[in-house]
1. If you bin every alpha carbon distance in the chain into 10 Å steps from zero, what whole percent lands in each bin?
2. Check every DSSP H run in the chain and write down those whose alpha carbon atoms cover 30 angstrom or more along the long axis and whose mean Kyte-Doolittle hydropathy is 0.0 or greater.
3. Considering only lysines 8 or more places apart in sequence, or on different chains, count the pairs in the chain whose C-alpha atoms sit under 16 Å apart.
4. How do MET11, MET112 stack up against each other in accessible area, from largest to smallest, with a 1.4 angstrom probe?
5. To the nearest 20 debye, what is the magnitude of the charge dipole of the range 33-99 about its Cα centre, counting +1 on the Cβ of each Lys and Arg and -1 on the Cβ of each Asp and Glu?
6. Please find, in a Gaussian network model of the chain (springs between Cα atoms separated by less than 10 Å), the residue of ASN152, ASN114, ASN129 whose mean-square fluctuation is greatest.
7. Could you check what % of the DSSP bridge pairs in the range 1-133 are antiparallel, to the nearest 5?
8. Magnitude of the Cβ-charge dipole of the range 82-177, K/R +1 and D/E -1, about the Cα centre, nearest 20 debye?
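The values are calculated or read from the model by the stated rules, or taken from the named source; none is laboratory data. These numbers were taken from a predicted model, which means no experiment stands behind them. Glycine also receives a Cβ, built like all others from the backbone with ideal geometry; neighbour counts cover every protein chain displayed. Please note that ligands, DNA and RNA were not included when accessible areas were found on the heavy atoms of the full protein model with its side chains. Shrake-Rupley method; radii C 1.70, N 1.55, O 1.52, S 1.80 Å.
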Amino acid sequence: MKYGFIGCGNMGGAIARALSNSTKDITLSDISGKDKILAAELGVSHADNAFVAANCDRIFLAVKPHLMKGALAPLQEALAQKKPLLITMAAGLEIRQIEEFVGTRLPIIRIMPNTPTAIGKGVIQYCCNDLVDEAILADWLADMVPCGLLDNLDESLIDAASALSGSGPAYMYVFLE
């Protein structure tokens, strides 16, 4: 599978770092230029969003929620042709909203990771739309093992669970300090 990342901020970078332990077939894209630095660090490639949309089988959408619609609008045609699995980590954006931004129905997994994912100790809640069948999900879960623990939740619980698992590690650091 060819993995792509649209966005390489803290969470996108954390997942890319963990995933690069099991595959180097990763293409990173970030409008800030972080993709070039991270690609050199991980030994993977970098390109623009259009390349990722047209060439990757699984695409992590790791842009800020308020930028998601604008990031996906120019990619609608390429995504409709390629039909990749999209994995979104945009806090507060439901799967139905990502489907609207993409303009077509694609298999989508919504995740809420935390920063310990970078070292394989993360806790990632996830949910899927009905286009993610058992085979796709099983294959994706196997690829995500280097990231840490994955926990399937109903989408209505994702935001609440991510508040705990996302803030929990930071709280423990403050407590320990």
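1. Spelled out per bin, shortest first, that is 10, 41, 38, 9, 1, 0.
2. Helix filter hits for the chain: 155-176.
3. Lysine pairs satisfying the spacing and distance rule in the chain number 5.
4. Order by accessible area, largest first: MET11, MET112.
5. It works out to roughly 80 debye.
6. Of the options given, ASN152 has the highest mean-square fluctuation.
7. Among the beta bridges of the range 1-133, antiparallel pairing accounts for roughly 20 percent.
8. 280 debye
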